[in-house]
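Trainee: Just passing along the structure, written as structure tokens.
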Amino acid sequence: MRFSIPILAVIFAVTYLFGQASEKTSERTREAGESSSRDTRIDISPPKDDAKSHPYSKAAVADSDTDDNPENSDVQEVHPWNPMKALKDVEVGDYYFKRKNYRAALDRYKEALFYKDNDAIGSFRLAQCQEKVGDKSEAKKYYEQYLKILPEGEFAKEARTSLDRLEKSTLSSK
């Protein structure tokens, strides 16, 4: 008998709490179906004389629908811009470059330029790597790109001397 009173009290409390929770849930569900902005709805339908006032508007709307088609778009490719990933790729490329693994460094520097076009440091390091691999025309291209981005940058003097060296080597090989 002693235990039955506390057990009955617990059962009663649990039933009472569940009853309140279900009432709150049903109240929230009812409120979700209603909108507080129902009174402030904006009518976005065209005016009654719109077709008369703007006779060519249907053609303009039809043309704008074709603009959404990617086949008709001027944009050829969209790739992500992620300067943090580019910075990390340059760091990893530097690691490979110091270990004289120029092919791996080359891939990382190219990936850095994929994520951040016109990255000065990535361009310079890629040029150095291309030169080490023996692709002098690509090295020249990326040294020039670096100088275009930062003509007075940290590595500008080194890029100019490398370009001069590449010019002399291509002239002497001809």
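The values are calculated or read from the model by the stated rules, or taken from the named source; none is laboratory data. Here the structure is a predicted model, which is why all the values come from computation and not from measurement. Glycine also receives a Cβ, built like all others from the backbone with ideal geometry; neighbour counts cover every protein chain displayed.
Trainee: For segment 141-157, give me the residue count where each residue is free of Cβ contacts under 8 Å to residues at least 12 places away in the same chain and acidic (Asp, Glu).
Mentor: First pass over segment 141-157, keeping only residues free of Cβ contacts under 8 Å to residues at least 12 places away in the same chain: 148, 151-152, 154, 156-157.
Filter once more, keeping what is acidic (Asp, Glu): 152, 154.
Counting residues in segment 141-157 that are free of Cβ contacts under 8 Å to residues at least 12 places away in the same chain and acidic (Asp, Glu) gives 2.
Trainee: Given the conditions (1) among the hydrophobic types (A, V, I, L, M, F, W, C); (2) surrounded by 20 or more Cβ atoms within 10 Å (Cβ to Cβ); (3) in contact with a Ser or Thr (Cβ under 8 Å, 6 or more places away or on another chain), which single one is not true for LEU126?
Mentor: Unmet condition: (3).
Trainee: Go through SER36, SER45 for me and flag whichever is in a loop (DSSP other than H, G, I, E, B), over 26 Å from PHE124 (Cβ atoms), hydroxyl-bearing (Ser, Thr, Tyr) and at pLDDT 75 or above.
Mentor: Matching residue, one of SER36, SER45: SER45.
Trainee: Would you call ASN118 surrounded by fewer than 18 Cβ atoms within 10 Å (Cβ to Cβ), under 24 Å from LEU163 (Cα atoms) and at pLDDT below 95?
Mentor: Yes, satisfied.
Trainee: Restricting attention to segment 75-133, and to residues there that are β-branched (Val, Ile, Thr) and not in a loop (DSSP other than H, G, I, E, B), which single residue is nearest to the chain's Cα centre (by Cα)?
Mentor: Only one residue tops the list, namely VAL90.
Trainee: I'd like the full set of residues that are in contact with a helix residue (DSSP H, G or I) (Cβ under 7 Å, 6 or more places away or on another chain) and polar (S, T, N, Q), limited to segment 116-173.
Mentor: ASN118, SER123, GLN130, GLN145, SER162, SER169, THR170
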